[in-house]
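Bear in mind that the values in this text are calculations on the coordinates, not laboratory data. These figures come from a predicted structure and were not determined experimentally. Here the Cβ is made from the backbone with ideal geometry for all residues, glycine too, and neighbour counts use every protein chain on show.
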Amino acid sequence: MKVWMAILISILCWQSSVWAVCPAWSPARAQEEISRLQQQIKQWDDDYWKEGKSEVEDGVYDQLSARLTQWQRCFGSEPRDVMMPPLNGAVMHPVAHTGVRKMVDKNALSLWMRERSDLWVQPKVDGVAVTLVYRDGKLNKAISRGNGLKGEDWTQKVSLISAVPQTVSGPLANSTLQGEIFLQREGHIQQQMGGINARAKVAGLMMRQDDSDTLNSLGVFCLGMAGWTAVNV
């Protein structure tokens, strides 16, 4: 199965560089190819969001998701919402957790920046998305991203992560923060080493029933406060 998956990824990534326009497929062939790629991406979604497994590098996932959207538009299908994981969780987010919007290239980034004057830049930490809700200076709720509107209640687990402040003050005393829980590793350079295993470990730890000391190896990086707009460059 893994060999077949590796072959599929290699073929599709090669095709992405060859087909800059719509493929010359018959309707039947197009439906077959679209369905095959849809099933593979759905399997990756299920593995990540339900089982805590990350079976594919983020860059490959993004590339193939974009390829699927292009094929669907070429052949009149409804593009899938790549930001929407399988529905789970019953806790409502105070503010929808939509994630970080990506800029497709430098030109798109330049156009976006021209419309704004109060910009600040920070690193993008690749982990598992979380919403932290503070009320009266105390951590009131921690919610997994889920489907962006509802997620799992992670409050108990997050309260055991020493990197997450249990109390805050000032403007943060009554706030909703959105960010990433990540695995802290010494000397790790993601561009060279990738981040697939670390991300899967975080997802697995947050879904395990037992409380493990390993939770203290996790960090948190808040990308912003609800109401702010963040983009990934």
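A few points about this structure:
- Extension gain (nm, one decimal) between residue 119 and residue 47, 0.36 nm per residue minus Cα-Cα: 22.3 nm
- Calculated FRET value between residue 107 and residue 163, using beta carbons and R₀ = 35 Å, to 0.05: 0.40
- FRET efficiency, residue 28 to residue 63 (Cβ-Cβ, R0 30 Å, nearest 0.05): 0.75
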